Amino acid sequence: LTAVFDGRAGICAQDQSGVVCINGDQRFSIQSVMKMLVGMAVMDAVDQGRMRLDDRVVVHKEDLSLYMQPIAKLVTDEGYSTTVGDLLLRGIVDSDSAAADILVEKLGGPKTVQGFLDRKSITGVRFDRNEKALQTEISGVQWRPEYVDPALLDAAIAAVPEARKDAAYQKYQSDVRDTATPKGMAALLFSLSEGKLLSRA
C-alpha cells in the first residue's frame, strides 16, 4: 500500500499476537478522527455517571462550529433541543463539527478528552483543540464567536495575506498538537476492541 502512495504514509495493524507498522512512530494530524476521541470521552463520562446519553441539550446558533455541521440546518432562533446521545451520533456518523465541539464543551474542554486518554494509558495520541480552533488556525485566523456565520468566516480567511496563510499551514504540518502516531492509534483501537476503555454497557 505505501510503496505506491505518493506521499508520507503511516500504517499499523495490531492484534493479540502483536503489532506491525510502517512509520508507526511518526505523527500525523488526526483532523476529524478527533470526533471518535470525543465520543470515547463522552462514553467514559457516562460510565462514570457524570453524564447521561439522554441528558437534554439546547443548541443555539452561537454554539455552532464551522464547515461540516449538518445540525446547523436544524437550529432556529429558539435553538434546537436534542440530547447528548444524539450529538454523539451526529459527531461520529455525520462527522458533525458542531456536535463534536458542543460535546467537548460539555465535557469541560479539550483537557478532559486528553485526560481520558492519559487515564487509560494511551500514548502517541494528542487532543489539544476543538474543531473551531484547529481549523481556523490552519488558515492563519483565530476563532471569534461571530465566525459561526460562514460568510464572515470565509471573509476573514480571504483577508489573510497569502504569506501568512502559507506560514500557518507550514506550522500546522509540523505541529505536534492534535496528532497521533499510527502505533498510538492502533493501540487505542485495539484497547477499545478488547473492552479495556469502556464498559460493555
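A compact table of results
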{"item": "Exclusive hit being hydrophobic (A, V, I, L, M, F, W, C), within 21 Å of Ser199 (Cα to Cα) and buried (at least 16 other Cβ atoms within 10 Å of the Cβ), set Leu53, Leu64, Leu107", "result": "Leu107"}
{"item": "Qualifying residues in region 67-92 (those that are among the polar types (S, T, N, Q) and more than 16 Å from the chain's Cα centre (by Cα)) - the one surrounded by the most Cβ atoms within 10 Å (Cβ to Cβ)", "result": "Thr82"}
{"item": "Which listed residue, of Tyr147, Tyr169, is of a type in the set (Ser, Thr, Tyr), more than 19 Å from Met43 (Cβ to Cβ), part of a helix (DSSP H, G or I) and without any contact (Cβ under 8 Å) to a residue 40 or more places away in the chain", "result": "Tyr169"}
{"item": "Selection status of Ser95, within 22 Å of Leu188 (Cβ to Cβ), surrounded by 15 or more Cβ atoms within 10 Å (Cβ to Cβ) and in contact (Cβ under 8 Å) with a residue 40 or more places away in the chain", "result": "yes"}
{"item": "Tabulated pairs, region 47-70, first within 19 Å of Ala151 (Cβ to Cβ) and without any contact (Cβ under 8 Å) to a residue 40 or more places away in the chain, second assigned to a helix (DSSP H, G or I) and among the hydroxyl-bearing types (Ser, Thr, Tyr), C-beta under 9 angstrom, 6+ apart or interchain", "result": "Met68/Ser32; Met68/Ser97; Gln69/Ser97"}
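Quick grid of which residues meet (1) surrounded by 12 or more Cβ atoms within 10 Å (Cβ to Cβ); (2) under 15 Å from the mean Cα position of the chain (by Cα); (3) closer than 14 Å to Met34 by Cα:
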position: Val113; (1), (2), (3): yes, yes, yes
position: Ser121; (1), (2), (3): no, no, no
position: Pro150; (1), (2), (3): yes, no, no
position: Ala155; (1), (2), (3): no, no, no
position: Lys171; (1), (2), (3): yes, no, no
position: Arg177; (1), (2), (3): yes, yes, yes
position: Ala201; (1), (2), (3): no, no, no
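All of the numbers you see were taken from the coordinates with simple rules; none came from a lab. Every value quoted in this text rests on a predicted model; they were computed, and no experiment measured them. With ideal geometry, Cβ positions are generated from the backbone for all residues, glycine too; neighbour counts draw on all protein chains shown.
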